[in-house]
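Right, one structure below, let's go through it.
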Amino acid sequence: PGVWWGAGAAELGLHGEVDAELAAAVFDNLLDPRDPRSHDQATWQEAATLGRAPGRYKAAEHIEAEMLAAEPDATPERREVIRVEAGMKARVARTFMDATFTPVKSVSLLHIAAVHEAAQARERGDLSEVAAWQWVVSEVEAGVRAGNDAALRYLAEHGGYTRSGHHGGAGGKWEDAHNLTVASFLQFSTRAGDPGIHVHNLLLNRVRDATGQYRALDTKCLMDAQHGASAIAD
């Protein structure tokens, strides 16, 4: 299970273990978790949002269906082109970003080796050795979390900004917005099933500005800070 992280999460009353339904309300729909109606999917439509509600756009499947209707005699090859073009045309509201910290492979190998040795010792009934290897497991996991926390603090300080005004003209400006709302998930394997300890951090694309309003993060500022955050984590 994930855990909530950040000053923004604390402001919203989010702490401890991440609840899956509430996370969907916050990250997918930008609902305000301080509103009790956001805690029940049956009342999501009535719940307050964190700033502007996410945009609703045509799904890729809908666009594909419209394009196919306009070309009923399309060949199989053309249908495949239409499918790809529909996916490129589809717009998706960016309600959160995923910042992943993955330490060097040797950390994962140390972790899985310690897990294996603890299991072997448990089969032999050697409880003292089990405890020793479990200590290694917990120390590695704590180290990974510490590196991840350092990365998030760096991202919040150096990449936490929002924009206000009209940036196409002379009235736009950047504002400090360092109170990030994050859900962090420690995981232990790659998609292929190989050992691969890493942390997925879901960064909510809403942050409170100096006036108390919730605005979108400036994602370019976050991207500019990612290499520094990675070095800090390592």
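Odds and ends about this structure:
- If you go through region 20-49 and keep only what is surrounded by 19 or more Cβ atoms within 10 Å (Cβ to Cβ) and among the aromatic types (Phe, Trp, Tyr), you end up with just PHE27.
This table checks each residue for (1) touching a Ser or Thr at 6+ places or on another chain (Cβ under 9 Å); (2) in contact (Cβ under 8 Å) with a residue 40 or more places away in the chain; (3) assigned to a loop (DSSP other than H, G, I, E, B).
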site	(1), (2), (3)
LEU68	no, no, no
ASP73	no, no, yes
ARG78	no, no, no
ALA99	no, yes, no
ALA113	no, no, no
ALA118	no, no, no
GLU129	no, no, no
VAL136	no, no, no
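- Counting the residues of region 174-214 that are over 16 Å from the mean Cα position of the chain (by Cα) and open to solvent by 70 Å² or more (accessible area, probe 1.4 Å) gives 10.
- Flag if THR75 is under 15 Å from ALA233 (Cβ atoms), open to solvent by 60 Å² or more (accessible area, probe 1.4 Å) and out of contact with any Gly (no Cβ under 8 Å at 6 or more places or on another chain): no
- Complete set of residues in region 84-97 that are outside any helix (DSSP H, G or I) and either closer than 17 Å to ALA231 by Cβ or open to solvent by less than 40 Å² (accessible area, probe 1.4 Å) (or both): ALA90, ALA93, THR95, MET97
- Counting only residues that are surrounded by fewer than 12 Cβ atoms within 10 Å (Cβ to Cβ) and aliphatic (A, V, I, L, M), region 98-109 holds 1 of them.
- Of all residues in region 116-140 being open to solvent by less than 60 Å² (accessible area, probe 1.4 Å) and touching a helix residue (DSSP H, G or I) at 6+ places or on another chain (Cβ under 7 Å), the one that is farthest from THR190 (Cα to Cα): GLU129
- Taking region 1-21 as the range and being farther than 20 Å from ARG215 by Cα and in a helix (DSSP H, G or I) as the test, the residues that pass are ALA20, GLU21.
- From ILE232, ILE197, residue being part of a helix (DSSP H, G or I) and more than 19 Å from ALA7 (Cα to Cα): ILE232
- Any chance ASP126 is within 30 Å of GLU139 (Cα to Cα), under 22 Å from the mean Cα position of the chain (by Cα) and either modelled with pLDDT under 90 or acidic (Asp, Glu) (or both): no
The values are calculated or read from the model by the stated rules, or taken from the named source; none is laboratory data. Predicted model, so just to flag it, every value in this text is computed and none were measured. Neighbour counts run over all protein chains shown; Cβ positions are idealised from the backbone, glycine included. We work out accessible area using only protein heavy atoms, side chains counted, and drop any ligands, DNA or RNA first. Shrake-Rupley method; radii C 1.70, N 1.55, O 1.52, S 1.80 Å.
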